[in-house]
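Working notes, structure below.
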Amino acid sequence: MDSGLEQDIGRIGRELAAAFPAALRNPVRSVDARAMELAASDQELKAALFRFVDVVPACRSLDDLARHLTGFLEEVDGPPMPVTAAMRLAGTRAGRAALGAAAAGGVRHMAHRFIVGTTLEDASGPLRRLWERGAACSVDLLGEATVTSPEADSYAQRCAQTLEQLTRITAGWPARPGLEADSIGPLPRANVSVKVSALTPLLRPDAPELGREDAARRLRPLLLAARELGAHVHIDMESFDSREAVVGVVLGLLSEPELRDGPSVGVVLQAYLRDSGETLEQILAFARDSSSPGGRGRIPPLQVRLVKGAYWDHELVQARQHGWSAPVYEDKPESDRNFEALTRRLLDSRPLVRVAVASHNLRSVAHAIAYNRATGGEDRDLEIQVLRGLGDELQDALAHLGLRVRTYCPIGNLVAGMAYLVRRLLENTSNDSFLVAQAGGVTLDRLLSAP
Amino acid sequence: MSAFANEPILELRRASVRSGLADALAQLDARLPLEVPLLIGADRVASGSRATLVSTDPGLPAREVARAPEATAADVDAAVRAAAQAARTWSREDAGLRAGILRSAAAWMREHRLELSALVLRECAKPWPEADADVCEAIDFLEYYAAGAVALAEPRPLAQVPGEHNELRYVARGVCAVIAPWNFPLAIACGMTAAALATGSAVVLKPAEQSPGCAGALARALAAGGLPPGALSLLPGAGEVGAALVRHPGVHTIAFTGSQAVGLEIIRAAAEVVPGQNHLKRVVAELGGKNCVIVAADADLDEAVPAIVSSAFAYAGQKCSAAARVLAHEAIAEALAERLAGATRVLVVGQAQELATQVPPLIEADAQDRLRSCGEQADREGHVLVAADDVPAVGWFAAPVVVADLPGGSSLLEREIFGPLLTVERVRDVEAACDIVDALPFALTGGLFARDPGTVRYVRGRTPVGNLYVNRGITGAVVARQPFGGNRLSGNGTKAGGPDYLLQFVEPRVVSENTMRHGLAI
């Protein structure tokens, strides 16, 4: 890579860092400072805390909650001081009630950082405030796993309602020209992220057609509704097991005549997958093939959200259990480098696709911004996405610098959100996490150096 | 020697891996029906006046898969004599040499992996993932027992004092009769056979009458690996062939996997010393189960539901490890039953070769009749949540049934059904669930979904089952990772694919030598 670009990346990264809110509220510090630091430093304790967070929604009383907490903590060798104190507390009924209440409160506090509201009504205030601060949103509906057809129907129905309500709610928001158009055209305010695994109980890795067809049956009406409403639907990506079905369902539906000219749709590309480059070429080939005669691709163009991927541990464990080679890069720098290569490929492919780069890694984000500018792109032609609760400071910094930012905002109750929460917490305490490195005092130069 | 590693199952989530399957099946289909030999020692016996045993595709009964001459009582006698003869030299071979032959047989299976999976699929209607797992397990057994037998050939450490030398060695028992089931037509036949061969016994294999083709493939693999002719005899046939084998005075060990009724009969018959028999027979019996899954109030139902459904209905429930009874804590029983029913309704019933299929046809017409009458009984006695409605007309199909509220004492709660029927019961708490499990005569597999470590400890401490699975499905034991076998009336406690299994096929001999000569300790 040329040194000019590296210099730009460093400069943009420092500008962003300088634009972080004054009192750095790093999520790792503030989520629950003590607990998270302890967890990040002790694998057993981390396991105990995750297992506890995971079971909270299934506990029926404070006593039950406290019993679970101490049950998990008992399995930690040589527990640190606060833990032994908690265990002593659990010796009496009153102590358990106090401990249970404290723990439930702690979990709820953490969950509220990541989950923007229980319902869209609850969330409408925070979403509007985000918009006013300069950040658009994508709403994600949390839910239990879909294992039956009625569950899939109900998720689809919630998505349809959300599309409609969000369109109505966002219509009343003030104008924010920087968030509402790029050089290709207008960008919908209402943006909903949808999970294929929630749209069908038939998603099976060895028979992707089955889930693809069943999900398409429920996704098609959602896309048609989005087209009528002028809303954007983003299809999330999950574990590698479902990737073929997810890519298949989206590209298949967008090939149907009635969906060729809308709505605005997005897909996700996971840079930690070794073959993500091939998937990108598949998506680009589709975009080319579905081009209008002018060769400008679909209008509105397919958006590609580039992420690193949130199922790294799952992919590795699954591959090891089966004796397969892992579909993901095992070293983080490899996946960071691939992220940058895919960023460049994506930005070079405009206007065939719209590009969203989703990362909390200052380096990855600065690289995207720098490359976009270096190749003559306007800032508004690059969307940066962050996660609610983890990327709040970056979001504010990006908005402050006039860059186009969108925040992924989960909505749902604690029970529904727990799997999401646990995944976020895992990221947050992983030794490879950028945020952990940032909180741990790694220098800015180091954070911004090429992976 | 490298450490044992399981044979990786096919990564069917990749389209490139899936794309080879249809071809493999077409190639097999073009060769059907396969001719399976009757092997007596080194001889391939001409069918002569013998009847022909024919296996058919359970999904298309008009399709013949394999044909074999049916063994007679005289064949049984000849095979046991030939095996006794062969065992004399085979047992004296170096354990490393025997292991090398088994490993070569494993290598042959790897080379013929898809061909073998296709055969398992056609002959027993196992869908691809299960058929592939069957072949992998067969390979695992060959490798694992090969390594285990080499280790077992080393003398054991004994207490030694000056002036004497003590040595304990394990030696082959002699002739092993292997009586194998059809539900893991390659894996289980191969496992029992490999254990006996690895430790130096000669084997007379009587495969299930439904799966002679897979047994023929096993014989081919072992021959290709270099097994001396004679160390394995193959006697295709029905139950009488097995019964004659069990009673034969020349048989030392009987390795059986199958139903409880047949297993108990074998144990009874083997206990009787017949004229010409100078030893006690040993029986390795892997029998049935009535496997319960306990779901505690704090279970993660998102994980429990798919795991239970696949444990109950994969391969149409025709696994001894399959889930049969769900014991649900009353706090979550209603939600669980509803989600189980919903997840069962979307199961795909279909032909084994379709990758979408989760519930293939049953093995034979009798099984279909049995399941039909179980379905009717469920209807009479309980609240049927998912009914076995229409299924394909051709093939021995039975659709999955989920039934709740059966009265205590219903035979549907007690006997092994060996098909796609799952019962759901509400229990007061985990302790009550354990009481139910404790009252059953079976103790093969069991499941527990719970997140409180205390609950896990409690159930682990109380369960009588041979294999307890916590927060996961209860089928799919993997060699070396989940040594498999049941207790109580589910079996005599042996663990296939475990570190102690080979001990069933050997007898210990101790030699103590006085090393003092005229006051001099050598």
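The values are calculated or read from the model by the stated rules, or taken from the named source; none is laboratory data. Since we're looking at a predicted model, the values are computed, not measured. Cβ atoms come from the backbone with ideal geometry, glycine included; neighbour counts cover every protein chain shown.
For the stretch A:351-367, check the following and say yes or no: at least one residue is in the same structural domain as A:Leu284 (by TED's automatic domain parsing), under 27 Å from A:Met110 (Cα atoms), out of contact with any Asp or Glu (no Cβ under 9 Å at 6 or more places or on another chain) and assigned to a helix (DSSP H, G or I). So far as the stretch A:351-367 goes, yes, one or more of its residues are in the same structural domain as A:Leu284 (by TED's automatic domain parsing), under 27 Å from A:Met110 (Cα atoms), out of contact with any Asp or Glu (no Cβ under 9 Å at 6 or more places or on another chain) and assigned to a helix (DSSP H, G or I).
Residues in the stretch A:178-211 that are among the hydrophobic types (A, V, I, L, M, F, W, C), surrounded by 19 or more Cβ atoms within 10 Å (Cβ to Cβ) and farther than 30 Å from A:Ala319 by Cα: A:Leu179, A:Leu187, A:Ala190, A:Val192. Check A:Asp64, A:Asp122, A:Asp140 and return the single one that is farther than 30 Å from A:Gly178 by Cβ and not polar (S, T, N, Q). The conditions single out A:Asp64. In the stretch A:255-284, of all residues being assigned to a helix (DSSP H, G or I) and either among the aromatic types (Phe, Trp, Tyr) or modelled with pLDDT under 95 (or both), the one that is surrounded by the most Cβ atoms within 10 Å (Cβ to Cβ) corresponds to A:Leu259.
Considering only residues that are over 16 Å from B:Phe418 (Cα atoms) and aliphatic (A, V, I, L, M), which ones fall in the stretch B:260-274? The answer is B:Leu264, B:Ile266, B:Ile267, B:Ala269, B:Ala270, B:Ala271, B:Val273, B:Val274. Would you mind finding the one in A:Ala207, A:Ala216, A:Ala231, A:Ala226 that is at pLDDT 95 or above and within 13 Å of another protein chain (Cβ to nearest Cβ)? Just a single option satisfies the conditions, and that option is A:Ala207. The set of residues in the stretch A:339-393 being touching a residue at least 60 places away in the same chain (Cβ under 8 Å) and on the phi > 0 side of the Ramachandran plot consists of A:Gly389 alone. Confirm whether B:Leu97 is surrounded by 13 or more Cβ atoms within 10 Å (Cβ to Cβ) and either over 30 Å from B:Val171 (Cβ atoms) or more than 14 Å from every other protein chain (Cβ to nearest Cβ) (or both). No: the conditions fail for B:Leu97. Working only within the stretch A:59-81, note down all residues that are within 11 Å of chain B (Cβ to nearest Cβ) and closer than 14 Å to A:Arg108 by Cα. Passing the criteria: A:Cys59, A:Leu65. Does the stretch A:191-215 hold any residues that are within 26 Å of B:Ala22 (Cα to Cα), assigned to a helix (DSSP H, G or I) and among the small types (Gly, Ala, Ser), and which are they? A:Gly211, A:Ala215, listed by residue number. Among the conditions (1) touching a strand residue (DSSP E or B) at 6+ places or on another chain (Cβ under 7 Å); (2) closer than 28 Å to A:Glu180 by Cβ, the only one that A:Phe240 does not satisfy is (2).
From the list B:Ala42, B:Ala78, the lone residue that is more than 30 Å from B:Val359 (Cβ to Cβ) and touching a Pro at 6+ places or on another chain (Cβ under 6 Å) is B:Ala42. Candidates in the stretch A:112-167 are the residues that are within 14 Å of chain B (Cβ to nearest Cβ) and either at pLDDT below 95 or not in a helix (DSSP H, G or I) (or both); of these, the one that is surrounded by the fewest Cβ atoms within 10 Å (Cβ to Cβ) is A:Ala145.
Any residue at all in the stretch A:104-111 that is over 35 Å from the mean Cα position of the chain (by Cα), of a type in the set (A, V, I, L, M) and assigned to a helix (DSSP H, G or I)? The answer is no, given that none of the residues of the stretch A:104-111 is over 35 Å from the mean Cα position of the chain (by Cα), of a type in the set (A, V, I, L, M) and assigned to a helix (DSSP H, G or I). Comparison of B:Arg380, B:Arg415 shows that the only residue that is surrounded by fewer than 19 Cβ atoms within 10 Å (Cβ to Cβ), out of contact with any Asp or Glu (no Cβ under 9 Å at 6 or more places or on another chain) and not in a loop (DSSP other than H, G, I, E, B) is B:Arg380. Here is the figure for the stretch B:339-352: residues that are part of a loop (DSSP other than H, G, I, E, B), surrounded by 21 or more Cβ atoms within 10 Å (Cβ to Cβ) and more than 22 Å from the chain's Cα centre (by Cα) total 1. Restricting attention to the stretch B:339-354, report how many residues are at the interface with another protein chain (Cβ under 10 Å from one of its Cβ atoms), touching a residue at least 60 places away in the same chain (Cβ under 8 Å) and touching a helix residue (DSSP H, G or I) at 6+ places or on another chain (Cβ under 8 Å). Going through the stretch B:339-354 one residue at a time, the tally reaches 2.
Among the residues of the stretch A:318-337, just one is of a type outside the set (Asp, Glu), assigned to a helix (DSSP H, G or I) and crowded, with 21+ Cβ neighbours inside 10 Å, namely A:Ser335.
Residue by residue, here is whether (1) among the β-branched types (Val, Ile, Thr); (2) within 21 Å of A:Arg406 (Cβ to Cβ) holds:
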{"site": "A:Ala97", "(1), (2)": "no, no"}
{"site": "A:Ala104", "(1), (2)": "no, no"}
{"site": "A:Val107", "(1), (2)": "yes, no"}
{"site": "A:His112", "(1), (2)": "no, yes"}
{"site": "A:Ala123", "(1), (2)": "no, yes"}
{"site": "A:Pro126", "(1), (2)": "no, yes"}
{"site": "A:Arg129", "(1), (2)": "no, yes"}
{"site": "A:Arg133", "(1), (2)": "no, yes"}
{"site": "A:Leu141", "(1), (2)": "no, yes"}
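Annotation note: of B:Thr455, B:Thr475, B:Thr423, the sole residue that is out of contact with any Cys (no Cβ under 8 Å at 6 or more places or on another chain), within 14 Å of another protein chain (Cβ to nearest Cβ), buried (at least 21 other Cβ atoms within 10 Å of the Cβ) and at pLDDT 95 or above is B:Thr455. Residues in the stretch B:314-338 that are away from every other protein chain (no Cβ under 13 Å), crowded, with 21+ Cβ neighbours inside 10 Å and farther than 22 Å from B:Asp438 by Cα: B:Tyr315, B:Ala316, B:Gly317, B:Gln318.
A:Arg29 fulfils the conditions (1) assigned to a helix (DSSP H, G or I); (2) at pLDDT 60 or above; (3) not aliphatic (A, V, I, L, M) except for a single criterion, (2). Considered as a group, the residues in the stretch B:5-55 that are in a loop (DSSP other than H, G, I, E, B) and β-branched (Val, Ile, Thr) include one that is nearest to the other protein chains (Cβ to nearest Cβ), and that residue is B:Ile9.
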